[in-house]
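No lab work stands behind these numbers, since they all come straight from the coordinates. Here the structure is a predicted model, which is why all the values come from computation and not from measurement. Don't worry about glycine lacking a Cβ; one is built from the backbone with ideal geometry, like all the others, and counts go over all protein chains shown.
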Amino acid sequence: MSLRLLFALSALAVAPLALAAPAELAVTVKGTKGEPVADAVVSLIPLDGAAIPPPVTAGEIAQQDQEFSTFVTVVQAGAKIVFPNRDKVQHHVYSLSKAKKFELPLYNPGQAESIVFETAGLVTLGCNIHDWMLAYIVVVPTPWFAKTNALGLATVAAPAGRYRLELWHPRLAGSVTQELTLAEADATKREFTLTLKPDRRIRRAGVTKSGGY
């Protein structure tokens, strides 16, 4: 067999792999009255021993207008999140969560410290100065995740295979799990209706003329 023929056969064998499109999961999340649910986290945990690549992007949660810029943030375990203070006042960002305990005490305007989140789990953020400030970081052991938008929609692209889907929301008691198989170059759809607890967030105090305290 000639070398030219060998190269041609090798190219044919590799071509399907190069052209293979990832599978896609489209998720719709609604409440019991049919209303769209935003900020629901969808993650896919591989069940067939697939290799999980390391995190490649960092997240950001700013303190701005005496609020956290993002109510729910999702990152892969091992990822870094930067916490810039874009206010004109100090903050004291902290977490007492088992997945990550830390604090950024008397955090001055213009500072931008970063924290690495090594362990999968839920991290609840607060501010010791501004009690109404609340945010969540969902640290997942997979790079295949998404968060629903204002329409309750999320899309996850992942390699074909078997997965455990995990669905979390800050007002959901626990989480929802489901096993599924994603086929190559195929679109899979799932719809969930959640019974959510009332929103118990502390309402923000009035801002003083000096811009806060």
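Among all the lysines, which ones have a C-alpha under 22 Å from K101's C-alpha, if same-chain residues fewer than 8 places away are not counted?
K80
Enumerate the whole-percent occupancy of each 5 Å bin, from 0 to the last occupied one, for all C-alpha pair distances of segment 53-141.
With a bin width of 5 Å, the distribution comes to 3, 16, 28, 27, 16, 8, 2, 0.
Where the convex hull is taken over the Cα atoms of the chain, what is its projected area averaged over directions, in nm²? Intermediate results must be reported in sequence, preceding the final value.
Details: hull surface 62.5 nm².
About 15.6 nm², averaged over all directions.
On a 0 to 90° scale, report how tilted helix 3-19 is relative to the longest principal axis of the chain, with both axes built from alpha carbons and the result rounded to the nearest 10.
40
Between T181 and Q64, what is the spin-label point distance in nm, taking each point 7 Å from the Cα along the Cα→C-beta axis?
4.5
Straight distance only, please: which aspartates and glutamates reach the Cα of K30 with their own Cα at less than 15 Å, same-chain residues fewer than 8 apart left out?
Within the straight-line cut-off, K30 pairs with D39, E191.
Check the straight Cα-Cα distances from K33 and name the lysines below 17 Å, setting aside those fewer than 8 residues away within the same chain.
Answer for K33, where 17 Å is the Cα cut-off: K197, listed by chain and number.
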